[in-house]
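Student: Let me give you the structure first, and then I'll get to my questions.
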Amino acid sequence: MTDTSRLFDVLIVGSGLAGLSAALHLAPTHRVAVLTKRSLADGSSGWAQGGIAAVLGEGDSFAAHVDDTLVAGAGLCDPVATRFVVEHAPESIAWLQQLGVPFSQEDGHLHLTREGGHSARRIAHVTDATGAAVQRTLIERVRQTPNITLLENHTLVDLITDRKLGRAHDGRDRCLGLYALDEATDQVLTFRAPHTLLATGGAGKVYLYTTNPDTATGDGIAAAWRAGCRVANMEFIQFHPTCLYHQHAKSFLISEAVRGEGGRLLLPDGTRFMPQHDARAELAPRDVVARAIDFEMKKHGLDCVYLDISHQPLAFIQEHFPNIYARCLELGIDIAKQPIPVVPAAHYTCGGVLTDLAGHTDLPGLYAVGETTCTGLHGANRLASNSLVECMVFARAAAQDILQTPRDTPPALPGWDESRVTDSDEAVVISHNWDELRRFMWDYVGIVRTNKRLERAAHRIALLQGEIQEFYAQFHVTRDLLELRNLVQVADLIVRSAQARHESRGLHFSRDYPGLLPQALNTVLTPARAASARSETSPFHPFPVP
Ligand SMILES: Cc1cc2nc3c(=O)[nH]c(=O)nc-3n(C[C@H](O)[C@H](O)[C@H](O)COP(=O)(O)OP(=O)(O)OC[C@H]3O[C@@H](n4cnc5c(N)ncnc54)[C@H](O)[C@@H]3O)c2cc1C
């Protein structure tokens, strides 16, 4: 066998906050490759607006941040992981400051905002574009770091493991590297390293409406699952209640502050509906508002509802919502005169690849960090601004663990075999299946679920899986095909997890099980070595370090 693989100390898949933070921590001593499927800046991290939660203000405490997180998580946060993140959050902000992130200041101190669910001002931010500023700074740094090789337009195809190569003797398996599609040459390349770290972000694109960028197709979750790792709590998808509904406005958020400043939610005939759903009306929590909008849309067969702030004077709107006002006006909607069409949209994937405090997955040699993971921090519902900090805390922890682990060079690896595939002339199958999947996930596995809807979705997923597998086996891989394959895999994990939960908790709401069970259990899916998988609900406990 000729080994044409590229050898590194660490392979990092994903160039968001999780991936780039890990790369910078490792680079002083390790040769790191960062593979990313589009450009370095693409991903959710650059889109984060609000900020990063950390205990930095007077009168605030770690205990209060932990409590707020546990309350949001509805009984499913792992207290140890929560404390770990909260206690390391301030040093993460300090690290970003050292790198040069220009956090907003007031009187010589960090300016901290307060967000829903937080009992104190603790959100460090860079005006209303925190993610973009952080991402810009990290990209500048990694570009200047000689030990980091940046590989844009490289899409992870699959992880390479002993088991997949038929070399897992005594049942001992480990990650040896990965295959990635290089779009410049249209070739699948082989990468080899003793350590691989998945930082591929969330899976919002599995739904028709999402605030997430196009990169959020759950690739890391699907790849880790295929490689034998457990995945947890996939039923908990956070929906943002108000995303602009317009054919040319992909994923534009209408901030919750619009409701905070008196915005009213209306049906197309102008009827206000929130007071019938909750005494707090438009000021009810995010998930309550999202559920009410979903109910009204399904009841009346609507494509969207409307958010009306036009009773406020133009000057007030321009001062409080300059970006929203300008963006809507560009699209022909004058929000000072007319209501804004909105839909709820998938915003955050709380579940993911199960990891411990050092970012280990079940597979030796494979780490995972960021939105792609389930660390135990978010439980059944994520507290606002807790996700960017989770990326940084676990990126550092995983890097420290790698730095302390001996570098065993993996054995030679076979190249990608394309001898039995041809070019497809049926790209339409892929785009059709993409659309179909995202629509039925929205309709059947969205904000309000029922047993019947989940069954319908499961049936369709099984059909799609068969079709896509056939396609994957016969034709050259493309990024669209790889993403679709992963999305269908993730959809399957979401549906199975939702079916396993016989209660309504946090972000998971079932009309068939509206109550709460007395014991809070996590949903942990375990891949079977054979075709089918077992699902179970079990108490969360970090699994032993491999
Ligand atoms: C609109 C919006 C606003 C938000 N606001 C906040 C906020 O204010 N505060 C907060 O804490 N959180 C916020 N979040 C959530 C937060 O931004 C994300 O959870 C976080 O950025 C995830 O970082 P990550 O590094 O895990 O993933 P990402 O930043 O999404 O990066 C994933 C990377 O993986 C790459 N990738 C994916 N698949 C592959 C593949 N197969 N091969 C190669 N590369 C791949 C992507 O291209 C990308 O580079 C917001 C999210 C959105 C969408």
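Student: For the stretch 312-358, place one equal point scatterer on every Cα, skip the solvent, and apply the Debye formula. What is log10 of I(q)/I(0) at q = 0.15, 0.17, 0.19 Å⁻¹?
Tutor: Results for the stretch 312-358 at q = 0.15, 0.17, 0.19 Å⁻¹ read -0.54, -0.60, -0.67.
Student: What number, in percent, do you get for the relative contact order of the stretch 407-498 if the mean sequence gap of Cα pairs under 8 Å and at least 6 apart is divided by its residue count?
Tutor: RCO, the stretch 407-498: 37 percent.
Student: Provide, as a two-decimal number, the C-alpha radius of gyration of the stretch 181-337 over 2.2 N^0.38 Å, N being how many residues it has.
Tutor: Numbers: Rg = 20.2 Å, N = 157, 2.2 N^0.38 = 15.0 Å.
In units of the 2.2 N^0.38 Å rule of thumb, it is 1.35.
Student: Counting only residues 5 or more places away or on other chains, whose amide H sits under 5 Å from the amide H of residue 475 once H atoms are built in the peptide plane?
Tutor: 422
Student: Per 5 Å bin from zero, what fraction in whole % of the C-alpha pairs of the stretch 55-111 is there, up to the bin with the longest pair?
Tutor: Spelled out bin by bin, the stretch 55-111 gives 4, 17, 22, 20, 16, 12, 6, 1 percent.
Student: Could you work out how far the C-alpha centroid of the stretch 86-163 sits from that of the stretch 233-290, in angstrom?
Tutor: Centre-to-centre (Cα) distance: 28 Å.
Student: Oh, and also: Pairs 205/299; 337/452; 37/452; 164/205: which are spaced more than 32 Å apart, C-alpha to C-alpha?
Tutor: Beyond 32 Å: 337/452; 37/452.
Student: Sticking with this one: Nothing charged except the Cβ atoms of Lys and Arg (+1) and of Asp and Glu (-1): what's the magnitude of the dipole of the chain about its Cα centre? Round to the nearest 20 debye.
Tutor: Computed charge dipole of the chain: roughly 740 debye.
Student: While we're here: Check residue 372: other-chain or 5+ apart residues with amide H under 5 Å from its amide H, H built from backbone geometry?
Tutor: 200, 201
Student: Something else: Within the set of other residues whose C-beta is less than 15 Å from the C-beta of residue 154, count the net charge using Lys and Arg as +1 and Asp and Glu as -1. Could you put the intermediate results ahead of the total?
Tutor: On the way: positive: 6, 37, 38, 192, 479; negative: 42, 152, 158, 182, 183, 186, 219, 483.
Result for the local shell: -3.
Student: Can I ask one more? Residue 195's amide H: which non-local residues (gap 5+, or another chain) put their own amide H closer than 5 Å, with H modeled 1.01 Å from N in plane and none for Pro or chain starts?
Tutor: 11
Student: Then there is this: Using Cβ counts within 10 Å as a stand-in for footprinting exposure, how do 185, 127, 82 rank, fewest first?
Tutor: Values: 185 9, 127 13, 82 26.
So the ranking, lowest neighbour count to highest, is 185, 127, 82.
Student: Moving on to the next point. Where does helix 286-300 land angle-wise versus the long Cα axis of the chain, in degrees 0 to 90, nearest 10?
Tutor: It works out to around 80 degrees.
Student: Starting at the first residue of the stretch 172-183, write each ³J(HN,Hα) from the Karplus equation 6.51 cos²θ - 1.76 cosθ + 1.60 with θ = phi - 60°, in whole Hz, x for Gly and Pro.
Tutor: Per residue, the Karplus-derived 3J(HN,Hα) values read 8, 10, 7, 8, 10, x, 7, 9, 9, 8, 8, 6 Hz.
Student: Give me the net charge for the shell around residue 236: Cβ to Cβ below 10 angstrom, other residues only, Lys and Arg +1, Asp and Glu -1. Numbers along the way, then the final one.
Tutor: Details: positive: 382, 501, 505; negative: 235.
So the surrounding residues net to +2.
Student: Whole-Hz ³J(HN,Hα) for each residue in the stretch 56-67, computed from phi via Karplus 6.51 cos²θ - 1.76 cosθ + 1.60 with θ = phi - 60°, x for glycine and proline: what do you get?
Tutor: For the stretch 56-67, the Karplus-derived couplings read 9, x, 5, x, 8, 8, 4, 4, 5, 5, 4, 4 Hz, x marking Gly and Pro.
Student: Would you mind calculating the gained length between residue 427 and residue 300 on full extension (0.36 nm times residue separation, minus the Cα-Cα distance), in nm to one decimal?
Tutor: Details: separation 127, 0.36 × 127 = 45.72 nm, distance 3.50 nm.
Extra length available between residue 427 and residue 300 comes to 42.2 nm.
Student: With unit charges on the beta carbons (Lys and Arg positive, Asp and Glu negative) and the dipole taken about the Cα centre of the chain, which residue among 411, 216, 11 sits farthest to the positive side?
Tutor: Selected residue: 411.
Student: Need one word for the stretch 29-75: rounded, prolate or oblate. Basis is the Cα gyration tensor (sqrt eigenvalues a ≥ b ≥ c); a/c below 1.5 gives rounded, then a/b vs b/c decides.
Tutor: It is prolate, given that a/c is not under 1.5 and a/b is the larger ratio.
Student: When the helix-only estimate is applied to the chain (DSSP H runs of n ≥ 4, each -39,500 (n - 2.57), divided by the residue count), what is the mean residue ellipticity at 222 nm, nearest 500 deg cm²/dmol? Write out the running numbers ahead of the final one.
Tutor: On the way: 14 runs with 184 residues, N = 546.
Value at 222 nm, helices only, nearest 500: -10500 deg cm²/dmol.
Student: If the viscosity is 1.567 mPa s and the temperature 4 °C, what Stokes-Einstein diffusion coefficient in µm²/s follows for the stretch 305-408 when Rh is the Kirkwood radius over Cα pairs? It would help to have the intermediate numbers written out before the result.
Tutor: Working: Rh = 17.1 Å.
Answer, rounded: 76 µm²/s.
Student: Take 390, 426 and order them by how many other Cβ atoms sit within 10 Å, fewest up front.
Tutor: Details: 390 28, 426 10.
Arranged by neighbour count, lowest to highest, 390, 426 become 426, 390.
Student: With an 8 Å Cα cut-off and a minimum separation of 6 or more residues, compute the relative contact order for the chain in percent. All intermediate terms of the calculation are to be shown ahead of the outcome.
Tutor: On the way: 1168 pairs, mean separation 114.2, N = 546.
That works out to 21 percent.
Student: Compute the length gained on full extension between residue 63 and residue 435: take 0.36 nm times their separation in residues and subtract their Cα-Cα distance, giving the result in nm to one decimal.
Tutor: Values: separation 372, 0.36 × 372 = 133.92 nm, distance 4.48 nm.
Result for the pair: 129.4 nm of gain on full extension.
Student: Checking the a/c ratio against 1.5 first, then a/b against b/c, what shape does the Cα gyration tensor give for the stretch 380-486?
Tutor: Judged from the Cα gyration tensor, the stretch 380-486 comes out oblate (a/c at least 1.5, b/c at or above a/b).
Student: Karplus couplings for the stretch 327-339 from phi (6.51 cos²θ - 1.76 cosθ + 1.60, θ = phi - 60°), rounded to Hz, Gly and Pro as x?
Tutor: Running phi through 6.51 cos²θ - 1.76 cosθ + 1.60 with θ = phi - 60° gives 5, 5, 4, 4, 8, x, 10, 8, 5, 7, 10, 9, x Hz.
Student: Fewest Cβ neighbours within 10 Å first, please rank 152, 436 accordingly. Present the calculation step by step, with values, prior to reporting the outcome.
Tutor: Details: 152 17, 436 13.
The fewest-first ordering by Cβ neighbours comes to 436, 152.
Coordinate-derived values only; no laboratory data. This structure is a prediction, so every number in the text was calculated from the model and none was measured. Here the Cβ is made from the backbone with ideal geometry for all residues, glycine too, and neighbour counts use every protein chain on show.
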